Amino acid sequence: MTTESAVEAAQAALAAEHVAVYGYGVSGGVLDPSGPDAVRVRAAYEVHRARRDGLETVVRSASAEPVPAEAGYALDRPVRGPAGAVALARMIEDRCAVTHAALVAASTGALRSDAVGWLGDAATRGLSWGAAPTAFPGLDRQR
Amino acid sequence: MPPTTVSRRWLLVVAAGAAAAAATGCAGTSAGPSEQAPAVAPGDLDRARRAAADAAELVAVVAGAERRHPELQPLLAGLGSRHRTHVEVFTPEGEVVAPPGPGRVSVPRSRRATLRVLRAREQRAAAAARRAAADAGGGELAAALASCAACLAQHVRLLSAALADTGTGRS
C-alpha cells in the first residue's frame, strides 16, 4: 500500500525528474557531442528518463495522476557553455537528492529501497559534476 | 540498562532537508520537528547506535591513515570531519560511542593499500547504512541513514579517484 504522503513525495520526485530530463537535454545541447562531458550527460539523461518513467508507474499504481512535465522550465541562469552545462547538472542532482531523501522518509518497502539507491546516485553523480561532498546529501544541501 | 533519551538529532537533520525541499518547491515530506520527540520505532535506536559505532570506527581508521600518510591529509580531513558529524547525529543523547582501541586500527605502510583499505571500509559502512535505511521503522531515521550512505558512497568515489591518481602501483 502506498500512503498519501508517499504518493505526494513520489510526485515531488517525479517533478524533479522532469526537470532533470529537460535540464540534461539543455546541457547536452551546449556541449561538444564528442566530448567526455557530453557522454556523461547522455548517460545521466537516460538514467533520469528511466527513473521518471518508473516514478510515473509508482504514482499510477497508487491510482493517482502523475504530475506532467511542463513545456519548459525557467533555469536559475542561462546555460551558454560547458561551465553552465556542468553547473546545471550539479543543480539537477542536488534537487533530485532533496526529493529522493524526502521520498525515503515518506515511503516504505520497495519504493523506499529504490529511493535510497536514487539518493546515493544523485549524490555521487553530483560529486562527479564538481559538487562538494557533504555529510548528509539531500538533507544538508549546498545553498 | 538506564533509560535512554531518544536523540532528536536525526530529526533535526531531516527537518533541515524538508525546509530545503520546501524552499525549492519540492513538497512531499512529512518529516519535520515536532514539539515532542516521537516514539521511536522498534529497533531504530539500535540502528542509530550501529550507525554511530560504524562512523566512530571510520573516524579512528581515517585518523590512523592520516598519521601514517600525512600527504593524504587534504583528502582525509574531509572524510574524518563528515564521519564525526555522523557520530554526533546518530549517537542517542546521553550515550557515548566509544572509538575502537588503538590496537584495532591497522594501517598499511603502502599509500595505495591504505586507500584500498579505506575504500573497502567505506563501502561496507555504506552498504550497512543502506540496509538500515531500508529496514528503519521511522521515516526520519531512514532518510538520515540513506543520506549517510550517500555520503559514504561519495567517499568511495573520492578514494577511487585518489587511487587512480596514485598511478601504477607505487606507494
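The values are calculated or read from the model by the stated rules, or taken from the named source; none is laboratory data. Just so we're clear, the structure is a prediction, and the values are computed from it rather than from any experiment. Don't worry about glycine lacking a Cβ; one is built from the backbone with ideal geometry, like all the others, and counts go over all protein chains shown.
Is it the case, given these coordinates, that B:E93 is among the acidic types (D, E) and not in a helix (DSSP H, G or I)? Here the answer is yes, as B:E93 does meet what is asked.
Table: residues versus (1) among the aromatic types (F, W, Y); (2) closer than 24 Å to A:A106 by Cα; (3) touching a Ser or Thr at 6+ places or on another chain (Cβ under 7 Å).
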position: B:A65; (1), (2), (3): no, no, yes
position: B:E71; (1), (2), (3): no, no, no
position: B:T91; (1), (2), (3): no, yes, yes
position: B:A129; (1), (2), (3): no, yes, no
position: B:G137; (1), (2), (3): no, yes, no
position: B:A144; (1), (2), (3): no, yes, no
position: B:S147; (1), (2), (3): no, yes, no
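One residue stands out in the stretch A:42-88 among those that are of a type in the set (V, I, T) and assigned to a helix (DSSP H, G or I): the one that is nearest to A:V21 (Cα to Cα), namely A:V47. Just so you know, in the stretch B:79-98 the residues that are touching a residue at least 40 places away in the same chain (Cβ under 8 Å) and at the interface with chain A (Cβ under 8 Å from one of its Cβ atoms) include one that is nearest to A:A135 (Cα to Cα), and it is B:R82.
Every residue, every condition in (1) buried (at least 16 other Cβ atoms within 10 Å of the Cβ); (2) more than 15 Å from the chain's Cα centre (by Cα); (3) among the hydroxyl-bearing types (S, T, Y); (4) under 20 Å from A:P137 (Cβ atoms), yes or no:
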site	(1), (2), (3), (4)
B:H69	yes, yes, no, no
B:Q73	no, yes, no, no
B:L76	yes, no, no, yes
B:H86	yes, no, no, yes
B:E122	yes, no, no, yes
B:A128	yes, no, no, yes
B:A134	yes, yes, no, yes
B:A150	yes, no, no, yes
B:V156	yes, no, no, yes
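Looking only at the stretch A:27-51, residues that are under 16 Å from A:G72 (Cβ atoms) and crowded, with 20+ Cβ neighbours inside 10 Å come to 1 in all.
Per-residue answers, yes or no, for (1) modelled with pLDDT of 95 or more; (2) among the charged types (D, E, K, R); (3) outside any helix (DSSP H, G or I):
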site: B:T29; (1), (2), (3): no, no, yes
site: B:P38; (1), (2), (3): no, no, yes
site: B:P42; (1), (2), (3): no, no, yes
site: B:L45; (1), (2), (3): no, no, no
site: B:S81; (1), (2), (3): yes, no, no
site: B:R112; (1), (2), (3): yes, yes, no
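For the stretch A:109-126, check the following and say yes or no: at least one residue is of a type in the set (S, T, N, Q), farther than 30 Å from B:L76 by Cβ, within 7 Å of chain B (Cβ to nearest Cβ) and out of contact with any Asp or Glu (no Cβ under 6 Å at 6 or more places or on another chain). The answer is yes, given that some residue of the stretch A:109-126 is of a type in the set (S, T, N, Q), farther than 30 Å from B:L76 by Cβ, within 7 Å of chain B (Cβ to nearest Cβ) and out of contact with any Asp or Glu (no Cβ under 6 Å at 6 or more places or on another chain).
In the stretch A:1-41, how many residues are in a loop (DSSP other than H, G, I, E, B), among the hydrophobic types (A, V, I, L, M, F, W, C) and within 22 Å of A:T99 (Cα to Cα)? Lay out the reasoning, then the answer.
Applying the first criterion (in a loop (DSSP other than H, G, I, E, B)) to the stretch A:1-41 yields A:1-3, A:31-35.
Checking which are among the hydrophobic types (A, V, I, L, M, F, W, C) leaves us with A:1, A:31.
Still in the list and also within 22 Å of A:T99 (Cα to Cα): A:1.
Residues flagged as in a loop (DSSP other than H, G, I, E, B), among the hydrophobic types (A, V, I, L, M, F, W, C) and within 22 Å of A:T99 (Cα to Cα) within the stretch A:1-41 amount to 1.
Within the stretch A:130-143, is there a residue that is at the interface with chain B (Cβ under 7 Å from one of its Cβ atoms), aromatic (F, W, Y), crowded, with 19+ Cβ neighbours inside 10 Å and farther than 18 Å from A:E8 by Cα? Yes; the residues of the stretch A:130-143 include at least one that is at the interface with chain B (Cβ under 7 Å from one of its Cβ atoms), aromatic (F, W, Y), crowded, with 19+ Cβ neighbours inside 10 Å and farther than 18 Å from A:E8 by Cα.
So which residues in the stretch A:1-37 are away from chain B (no Cβ under 14 Å) and over 18 Å from A:M91 (Cβ atoms), if there are any at all? Steps first, please.
Residues of the stretch A:1-37 away from chain B (no Cβ under 14 Å): A:1, A:21-22, A:24-37.
Hits for the stretch A:1-37 are A:M1, A:D32, A:P33, A:S34, A:G35, A:P36.
Look at (1) surrounded by 23 or more Cβ atoms within 10 Å (Cβ to Cβ); (2) within 12 Å of chain B (Cβ to nearest Cβ); (3) in a helix (DSSP H, G or I) and you find that A:M91 fails only one, number (1). Residue pairs whose Cβ atoms lie under 8 Å apart, sitting 6 or more positions apart in sequence or on different chains, and linking a residue in the stretch B:117-143 that is in a helix (DSSP H, G or I) to a partner that is of a type in the set (F, W, Y), are B:E140/B:W10; B:L141/B:W10.
The conditions of being surrounded by 15 or more Cβ atoms within 10 Å (Cβ to Cβ), within 13 Å of chain B (Cβ to nearest Cβ) and within 30 Å of B:G138 (Cβ to Cβ) are met by A:A64.
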